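The values are calculated or read from the model by the stated rules, or taken from the named source; none is laboratory data. Because the structure is a prediction, the values reported are computed rather than measured. Glycine also receives a Cβ, built like all others from the backbone with ideal geometry; neighbour counts cover every protein chain displayed.
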Amino acid sequence: MLYFTFAFLVLVSLYLGNAALAIFAGIFFTYFLQPPATFFTRRIGTLPLQLGIVLLGATISLPYALAVSSDYLPWISLFVIVSFFAGLMLGKLLGIHHRIAFLLSSGAAICGGTAMAAVAPIIKAKPQELLIAMTIVFLLNAVAIILFPIIGGYLEMTNFEFGAWSALAIHDTGSVIGSATIFSNESAQVAATLKLGRTVWLIPLLLIANWIFNKQTEATKFPRFIIFFILAIITNTVFNFNDQVIDIFQIMSQAFLLVGLFCIGSQFDASELKSLSSKPLILALIIWAAVIPSAYFLVKYF
């Protein structure tokens, strides 16, 4: 019964393809079936998550990402850096735990759930902390998919402007594409291209996260999956994988990420929920409230 339920919930998570729901499925599994501490989803920890991040690297080619987003690359970089460090500072001012602030800042600055899933093993985020960050980003992305096309139409944005605005202001890649697709196919192409420029910032993010949280540890403790992630990017850059191969890597990466998030959810401890507050949501809303008009001003007037 335990393994059957596990398989069923994982398949549902893969079918739905949503990071936050994958964590909730893991929590549901643990809360209602109460697997033993030796159950493999608890023992393997973040290994599937790390494999998913490595495979994600195989979908990124640095020359391509830089070429397609060259016009906006300085602005994309500025947005990533400012929103990331602003999030960390606001988190400190609001008294939010540094791991939750780091997760939310990473997600808001780069690529939502993917960025948070990537840094979670490095900063040793607890399942509860990743859960609250994922949930907040999930809610904001849902709002963005609905409201952004309406706002874009009201403001009479061009297809290019809306695609660029979505790529800069929305967190998850899937939500960026979803919102832009509703507006137009051209907007979706622009959004996907520019969003890749933000995704490249995963590389320095992982290195910064390791330096901040593990600088006191020995060099041998450097997370090996970061090295493999960078090697995967180099491999794609050298061999220039075609679209079919990249699609396969994207599917595999998504699958491993979702299974990894399910495993993290299965390590959930309900007793620690008491320590959570509304402050992380306030932090995410403040960052987003600053990013949305700034991104609009940039794509409209520059």
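Structural remarks
- Any hit, the range 186-199, residues being farther than 19 Å from Ser294 by Cβ and touching a Leu at 6+ places or on another chain (Cβ under 9 Å): yes
- The listed residue being more than 15 Å from the chain's Cα centre (by Cα), surrounded by fewer than 20 Cβ atoms within 10 Å (Cβ to Cβ) and either among the hydrophobic types (A, V, I, L, M, F, W, C) or farther than 24 Å from Ile264 by Cβ (or both), out of Leu147, Leu139: Leu147
- Residues of the range 152-182 that are free of Cβ contacts under 8 Å to residues at least 24 places away in the same chain and either farther than 16 Å from Cys111 by Cβ or not in a helix (DSSP H, G or I) (or both): Tyr154, Glu156, Thr158, Thr181.
- Residue in the range 87-107 that is touching a Lys or Arg at 6+ places or on another chain (Cβ under 7 Å), in a loop (DSSP other than H, G, I, E, B) and of a type in the set (A, V, I, L, M) present: yes
- Filtered residues of the range 280-298 (kept if aromatic (Phe, Trp, Tyr) and either under 17 Å from Leu103 (Cα atoms) or touching an Asp or Glu at 6+ places or on another chain (Cβ under 8 Å) (or both)): Trp288
- Taking the range 8-43 as the range and being farther than 23 Å from His171 by Cα, outside any helix (DSSP H, G or I) and in contact (Cβ under 8 Å) with a residue 24 or more places away in the chain as the test, the residues that pass are Pro35, Phe39.
- From the options Asn159, Asn214, residue that is surrounded by fewer than 22 Cβ atoms within 10 Å (Cβ to Cβ) and modelled with pLDDT of 90 or more: Asn159
- Test set (1) within 19 Å of the chain's Cα centre (by Cα); (2) over 20 Å from Gly113 (Cβ atoms) - Glu156 fails condition number: (1)
- Qualifying positions in the range 178-192 - of a type in the set (A, V, I, L, M) and modelled with pLDDT of 80 or more: Ala180, Ile182, Ala188, Val190, Ala191
- Residue selected from the range 12-29 under the condition of a type outside the set (A, V, I, L, M) and crowded, with 20+ Cβ neighbours inside 10 Å, by the criterion nearest to the chain's Cα centre (by Cα): Asn18
- When the range 58-76 is limited to residues that are surrounded by 13 or more Cβ atoms within 10 Å (Cβ to Cβ) and of a type in the set (A, V, I, L, M), the one that is modelled with the lowest pLDDT turns out to be Val68.
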